[in-house]
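The values are calculated or read from the model by the stated rules, or taken from the named source; none is laboratory data. Note that the structure is a prediction, hence the values are computed from the model and not measured. Glycine gets a Cβ as well: all are built from the backbone with ideal geometry, and neighbour counts include every protein chain shown.
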Amino acid sequence: MTANQSPVEPRPDVPDPTVDHAVPEEDVLRGRAVERLKKKADFRMHLLVYVLVNSALVIIWAMTGSGFFWPAFFIVGWGIGVVANAADVYLVKTPTEEQITEEMERLRRR
């Protein structure tokens, strides 16, 4: 940029000609599918670590005299997180394009 040139400010009312705003539906569905598969894989890993760590804690408890069952605090506390993660993966629905558009319009009105 030379001294005579000023930076061009993008105007929100004029679309950027260098950006292709038309995204094929196939690409959108593929992106959502990849995201969902990643969430499922992450949940399975979370569940595996939960089971392994808590099993080790129960073994340690059993080997140290089997007194008060202190691993219950870890099992219940961490279990709440595992249940929340499972709900996010399997129960929460992906927002539809209509819901996304409505939310964008609501944010624009602010």
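Miscellaneous remarks
- The residues of the stretch 92-110 that are in a loop (DSSP other than H, G, I, E, B) and farther than 16 Å from R32 by Cβ, listed by number, are R109, R110.
- Applying a threshold of 9 Å to beta carbon distances and a minimum spacing of six or more residues, or different chains, the list of pairs starting in the stretch 96-110 at a residue that is small (G, A, S) and ending at one that is part of a loop (DSSP other than H, G, I, E, B) and modelled with pLDDT under 90 is empty.
Listed here are the residues, each with its yes/no results for (1) of a type outside the set (S, T, Y); (2) out of contact with any helix residue (DSSP H, G or I) (no Cβ under 6 Å at 6 or more places or on another chain); (3) in a helix (DSSP H, G or I); (4) loosely packed, with under 11 Cβ neighbours inside 10 Å.
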{"site": "L29", "(1), (2), (3), (4)": "yes, yes, yes, yes"}
{"site": "R32", "(1), (2), (3), (4)": "yes, yes, yes, no"}
{"site": "Y50", "(1), (2), (3), (4)": "no, no, yes, no"}
{"site": "A56", "(1), (2), (3), (4)": "yes, yes, yes, no"}
{"site": "I59", "(1), (2), (3), (4)": "yes, yes, yes, no"}
{"site": "A62", "(1), (2), (3), (4)": "yes, yes, yes, no"}
{"site": "G65", "(1), (2), (3), (4)": "yes, yes, no, yes"}
{"site": "F73", "(1), (2), (3), (4)": "yes, yes, yes, yes"}
{"site": "V76", "(1), (2), (3), (4)": "yes, yes, yes, yes"}
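- Those residues of the stretch 62-110 which are modelled with pLDDT of 90 or more and β-branched (V, I, T), in sequence order: T64, I75, V76, I80, V82, V83, V89
- Contacts under 9 angstrom Cβ, first residue in the stretch 76-90 being of a type in the set (D, E), partner assigned to a helix (DSSP H, G or I) and surrounded by 10 or more Cβ atoms within 10 Å (Cβ to Cβ), 6 or more apart: D88/K39; D88/F43
- Failed condition for A41, given (1) at pLDDT 90 or above; (2) over 30 Å from T96 (Cα atoms): (2)
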